[in-house]
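Working notes, beginning with the structure itself.
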Amino acid sequence: MELTRVMHVEDDESIRMVAEMALVDVAGLELLSCDGGQSALEQVVDFAPELILLDVMMPKMDGLQTLAELRKLPTLTATPVVFMTAKIQQAEKQQYLDAGAIAVVEKPFEPMELGDKLRELYQQAMQP
């Protein structure tokens, strides 16, 4: 199964722009970019992402809260989620994995490698 559609949820516009370049221009993925948890929840069902890239630290609704809300949607109970964060400590990373993420990607990320990294994580998540 090949990864083609990714939803990216990130409140920082400059990071959204770099991720869009990395995922659309470099990796050739179809991308839905959202500026926060609420806009993600409003658009996610229509877009039907195969993977969700989710910022941890966001105003109003953080990454963990957003993930909890996304998991309430019947079509998204098994969609792989990758958290992205600048502050990464082992205890926090474990908390994100325990919440249901398949991985945690550190910011700043390498734009030329982000698409390949997400494809690799997606392949691992889809294996029985």
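The residue that is modelled with the highest pLDDT, among those in region 80-116 that are among the aromatic types (Phe, Trp, Tyr) and not in a helix (DSSP H, G or I), is 83.
Please work out which residue is surrounded by the fewest Cβ atoms within 10 Å (Cβ to Cβ), limiting yourself to region 18-67 and to residues that are among the small types (Gly, Ala, Ser), within 25 Å of residue 2 (Cβ to Cβ) and under 11 Å from the mean Cα position of the chain (by Cα). Looking at the filtered set, the residue picked out is 33. Only one of the listed residues (97, 67) is touching a Leu at 6+ places or on another chain (Cβ under 8 Å) and either in contact (Cβ under 8 Å) with a residue 60 or more places away in the chain or not small (Gly, Ala, Ser) (or both). That residue is 67.
The values are calculated or read from the model by the stated rules, or taken from the named source; none is laboratory data. Quick caveat: nothing in here was measured; it's all calculated off a predicted structure. Cβ sites come from the backbone with ideal geometry, for glycine too, and all protein chains shown count toward neighbours.
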